[in-house]
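**Student:** Got a structure for you, written out below as structure tokens; questions coming shortly.
The values are calculated or read from the model by the stated rules, or taken from the named source; none is laboratory data. Just so you know, these numbers come straight off a predicted model, no measurement behind them. Because the Cβ atoms are built from the backbone with ideal geometry, glycine has one as well, and the counts that use them run over all protein chains shown. These accessible areas exclude ligands, DNA and RNA; they are computed on the full protein's heavy atoms, side chains included. Shrake-Rupley method; radii C 1.70, N 1.55, O 1.52, S 1.80 Å.
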Amino acid sequence: MTTADYILKFLISKNIKNVFLMTGGAVSFIVDAFSKNKNIKYTCVAHEQSAAMMADAYSRCDKGFGATMVTSGPGAQNLITGIACSWFDSVPVIHISGQVNKNELSSSNKTTRKVRQIGFQETDIVSIVKPITKFAYQLKNSNEIKYILEKAFYIANEGRPGPVLIDIPMNLQKEKINLSKLRRFRSYKIKNNIKITKDIFKIHKLLINSKRPVLILGGGLRISKALNELEKLLKKINIPIVTTWSGLDVIDFYNNNYIGCIGVYGSRAANFSVQNADLILNLGSRLDTRVTGGKPETFARLAKIISIDIDKYELNKKRGLNIYLKINHDLKNFLSIFNLKSKNFKYSVSSTWMNVCKKWKLIYPNVISTYKKQKKYVNPYFFIDRLSDKLNNKDIIVPCSGGNLTWTIQSFKIKKGQRLFSAYGNSPMGYALPAALGASLANNKKRVICIEGDGGIQINIQELQTMVSNNIPVKLFIINNNSYGIIKQFQDLYLGGRYEATIPSKGVTVPDFKKISNAYGINYSVIKKNNQIDKVLKKVLKSKKPEFINVVIDPNQKIIPKLQFGKPIEDLSPLLSRTEFNKNMLVPQIKKKSRDFSEAN
Ligand SMILES: Cc1ncc(C[n+]2csc(CCOP(=O)(O)OP(=O)(O)O)c2C)c(N)n1
């Protein structure tokens with residue numbers, strides 16, 4: 001058996017059934033090993049960036065582990081954007097890159113170490129990806145392959161998960177290995193926080209003494225696989241619930257306590273709830289600036305914030321946020337102990353506070369009735385609202401980045417069982433198409449709803465061929481505003497409306513999508529007005545094939561509401577009149593502080 005054969009055997013033992021790859025000289029021996037092994041297959045991609053994004057989405061679907069294989073130099077370099085998506089959103093993925101022969105490595109001896117390159121397409125990929133991986137390693141000899149693969153897998157999944165990369169020189173790939181001589185990796189146990197029981201009783205007390213508590217649900221709940229524990233917790237704690245973007249799909253939109261999504265592009269209702277709260281129980285959010293706004297010290301500033309995070313650095317970021325109770329613990333484990341220790345604990349907030357939050361949800365919906373009446377162009381809020389009505393509870397929805405992502409998050413009504421995700425932390429244009437393909441492949445080629453921008457689609461448009469050649473039933477909706485919408489809105493707000501590098505007359509143009517679809521042999525549909533939505537949706541959602549749908553929206557469509565620089569998150573734009581705004585701020589101190597941040601009339 002060669003090292004290459006062993007790698008496949010190992011991947012199979014970890015239940016990896018599909019590897020996303022593009023071949024090349026330096027990875028050829030590993031790719032060739034597939035010819036001798038029928039228990040694992042691969043999907044060829046047209047760009048390594050997509051391979052990394054497909055593997056990322058594959059892992060996010062919890063049906064198996066995402067894996068890629070790429071060649072040295074440009075092949076490995078192309079992975080970087082996708083690796084960063086997994087790094088920031090804590091997604092475990094394994095990347096295997098081929099490398100030049102060991103004797104051609106510039107690092108191989110003292111005299112050649114300073115040379116930029118010796119082998120053809122030699123790149124020190126390990127050093128390049130170190131800051132965005134949990135473990136990156138170049139194999140030194142073939143006998144360590146078992147140890148290194150086991151270690152890489154362990155590290156990728158342990159604690160806060162993330163991507164790993166193993167770089168394998170060509171000469172080692174083809175070397176024969178003796179299985180009985182391979183060293184094993186011994187995993188180590190992470191210490192549990194012993195104070196946890198005390199903290200649980202502290203939380204009981206804080207809840208009992210609170211008048212306006214709010215529960216924040218974030219993506220960490222899914223990462224730590226704590227959804228069952230969450231369900232049990234929700235039977236004990238009856239308080240208003242808000243989510244972050246990555247927590248959006250952990251709770252049903254119609255859950256009685258669900259108020260909305262918080263943050264810079266959050267709903268007014270959810271933001272008012274958090275900003276008026278006196279206690280925040282934060283499960284699974286790292287409270288990044290998209291959640292807190294640019295001034296973290298203004299976030300939930302009258303609340304005692306309780307945060308549970310496996311990453312102690314997230315708890316101690318020291319950027320103005322004041323976390324009252326920091327619990328450095330795995331969320332699943334924490335919640336299961338919490339539920340156990342709370343057998344006799346039940347907490348229901350006063351109906352007054354609950355009703356206030358629910359009223360906000362009623363009077364400040366993101367999708368308002370006038371959107372439906374829009375005659376010219378499709379309204380993206382109304383479109384996403386209709387789309388979410390038509391989808392079933394098993395659908396997977398993958399939006400990209402920019403306006404299309406924001407409109408989707410602001411309008412989508414999640415049903416229990418659905419998945420909706422994007423690469424929230426990195427948010428690269430071009431993520432959604434490869435991620436939707438990866439998600440479909442992770443789920444036996446199930447239909448996946450992909451929502452792209454007319455800009456974003458062009459970044460990985462080559463994967464339309466991957467979609468066609470593998471007949472993957474992705475329904476690709478392009479929210480087409482013929483420009484970089486989200487950046488235009490930024491330019492409107494802060495750069496005098498000068499649309500440099502965002503519109504056709506400034507160099508950003510959109511191809512003829514009908515011709516593009518035809519060239520790839522994909523069914524094409526267009527929706528130009530609200531009243532065409534239902535008919536097209538009926539057709540494309542029924543189809544078992546890939547579908548390309550061009551959804552034409554107003555080039556000047558805005559994201560509403562949205563936070564402006566310098567404001568606390570309760571004060572979203574378009575700004576409410578100060579009378580109305582002040583009515584919604586229940587707490588006198590908040591009123592006073594809010595005025596400090598508000599330049600409004
Ligand atoms: C790879 C990459 N380059 C640049 C950006 C910065 N950026 C964020 S959104 C955006 C415009 C996106 O345009 P489009 O995909 O058409 O979406 P829209 O905002 O119009 O819905 C840009 C340039 C990015 N996120 N990713």
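**Student:** If each of Lys446 and Asn531 carries a label point 7 Å out from its Cα toward its Cβ, how far apart are those two points in nm?
**Tutor:** In this crude label model, Lys446 to Asn531 measures out at 3.7 nm.
**Student:** Here is a follow-up. When ranked by the protection proxy of mean other Cβ atoms within 10 Å per residue, highest first, what sequence do the peptides 492-501, 228-237 form? Please list the in-between numbers first.
**Tutor:** Working: 492-501: 11.5, 228-237: 16.4.
Output ranking for 492-501, 228-237: 228-237, 492-501.
**Student:** With a point put 7 Å past each Cα toward its Cβ, work out how far Tyr154 is from Lys211 in nm, to one decimal.
**Tutor:** Taking the two extended label points, one gets 5.3 nm.
**Student:** Still on this structure: Between Ile363 and Lys235, what FRET efficiency comes out of the Förster formula 1/(1 + (r/R0)^6) with R0 = 22 Å and r the beta carbon distance, rounded to 0.05?
**Tutor:** 0.15
**Student:** Turning to a different aspect of this structure: If I fit a long axis through the Cα atoms of helix 331-341 and take the longest principal axis of the Cα atoms of the chain, what angle between them do I get, 0 to 90°, rounded to 10?
**Tutor:** The angle comes out near 50 degrees.
**Student:** A further question on this structure: Per the 1.4 Å probe, what fraction of the accessible area of region 87-179, in percent, lies on carbon and sulfur atoms?
**Tutor:** Ligands and nucleic acids excluded, carbon and sulfur reach 52 percent.
**Student:** A follow-up question, please. Under 1.5 on a/c is rounded, so check that first for region 443-601, then, if it is not, pick prolate when a/b is larger than b/c and oblate when it is not; a ≥ b ≥ c are the square roots of the alpha carbon gyration tensor eigenvalues. Can you show the working numbers first?
**Tutor:** Values: a/c = 2.91, a/b = 2.03, b/c = 1.43.
Judged from the Cα gyration tensor, region 443-601 comes out prolate (a/c at least 1.5, a/b above b/c).
**Student:** OK, next. Just grab the label-to-label distance for Thr579 and Thr112, each label 7 Å out from Cα along the Cβ direction, in nm (one decimal).
**Tutor:** It works out to 7.9 nm between the two label points.
**Student:** Heavy-atom accessible area per residue, the chain, 1.4 Å probe: how many Å²?
**Tutor:** 43 Å²
**Student:** Moving on. Divide by every residue of the chain the summed helix terms, -39500 (n - 2.57) for each DSSP H run of at least 4, and state the resulting mean residue ellipticity at 222 nm, rounded to the nearest 500 deg cm²/dmol. Could you put the intermediate results ahead of the total?
**Tutor:** Details: 26 runs with 220 residues, N = 601.
That comes out to -10000 deg cm²/dmol.
**Student:** Now for a separate question. Placing +1 on the Cβ of each Lys and Arg and -1 on the Cβ of each Asp and Glu in the chain, which of Val27, Gly430, Ile94 has its Cα farthest towards the positive end of the resulting dipole?
**Tutor:** Ile94
**Student:** Between Lys515 and Lys63, what is the FRET efficiency for a Förster distance of 41 Å, r being their Cβ-Cβ separation, to the nearest 0.05?
**Tutor:** 0.70
**Student:** Pairs of Cα atoms under 8 Å, at least six residues apart: use those to get the relative contact order of the chain, whole percent.
**Tutor:** Here the relative contact order equals 12 percent.
**Student:** Shifting gears a bit: Stretch Arg498-Lys538 to full length: gain in nm at 0.36 nm per residue minus the Cα-Cα span?
**Tutor:** 10.4 nm
**Student:** Here's something else I'd like to know. Kindly rank 145-154, 479-488 from highest to lowest mean number of other beta carbons found within 10 Å of each residue.
**Tutor:** Put in order of decreasing packing, that is 479-488, 145-154.
**Student:** Which cross-chain or sequence-distant (5 or more) residues have an amide H under 5 Å from the amide H of Ser573, H modelled 1.01 Å from N in plane?
**Tutor:** Lys562, Leu563, Gln564
**Student:** Full-extension gain between Arg184 and Ser13, please, as 0.36 nm times their residue separation minus the C-alpha to C-alpha distance.
**Tutor:** This chain segment gains 60.1 nm when fully extended.
**Student:** Which order, highest average first, do 215-223, 303-311, 48-56, 385-393 follow once you tally other Cβ atoms within 10 Å for each residue and take the mean per peptide?
**Tutor:** 48-56, 215-223, 303-311, 385-393
**Student:** If you take the charge dipole of region 306-435 about its Cα centre, with +1 on Lys and Arg Cβ and -1 on Asp and Glu Cβ, which of Pro380, Ser336, Asn355 is farthest toward its positive end?
**Tutor:** Final value for the positive-end residue is Asn355.
**Student:** Could you check what % of the DSSP bridge pairs in the chain are antiparallel, to the nearest 5? The partial results should precede the final answer.
**Tutor:** Details: 2 of 70 bridges.
Of all bridge pairs located within the chain, approximately 5 percent are antiparallel.
**Student:** If the only charges are +1 at each Lys and Arg Cβ and -1 at each Asp and Glu Cβ, what is the size of the charge dipole of region 431-497 around the Cα centre, to the nearest 20 debye? Spell out each step's value before the answer.
**Tutor:** Numbers: 5 positive and 4 negative charges, 68 e Å.
Here the size comes out at about 320 debye.
**Student:** Now for a different question. With a Förster radius of 22 Å, plug the Cβ-Cβ distance of Lys195 and Tyr313 into 1/(1 + (r/R0)^6) and report the FRET value to the nearest 0.05.
**Tutor:** 0.75
**Student:** Using a ≥ b ≥ c from the Cα gyration tensor of the chain (square roots of the eigenvalues), is it rounded, prolate or oblate, where a/c under 1.5 gives rounded and otherwise the larger of a/b and b/c decides, a/b for prolate?
**Tutor:** Since a/c reaches 1.5 but b/c is at least a/b, the shape of the chain is classed as oblate.
**Student:** Pick out, from Ile553, Gln489, Ile503, the residue whose Cα sits farthest towards the positive end of the charge dipole of region 441-585, with +1 on the Cβ of Lys and Arg and -1 on the Cβ of Asp and Glu.
**Tutor:** Ile553
**Student:** If you fit an axis through the alpha-carbon atoms of helix 588-597 and take the longest principal axis of the Cα set of the chain, what angle between them do you get, 0 to 90°, nearest 10?
**Tutor:** 60 degrees
**Student:** Quick one: net charge around Ile12, please, counting Lys, Arg +1 and Asp, Glu -1 for every other residue with C-beta under 12 Å from its C-beta.
**Tutor:** It works out to a net charge of +4.
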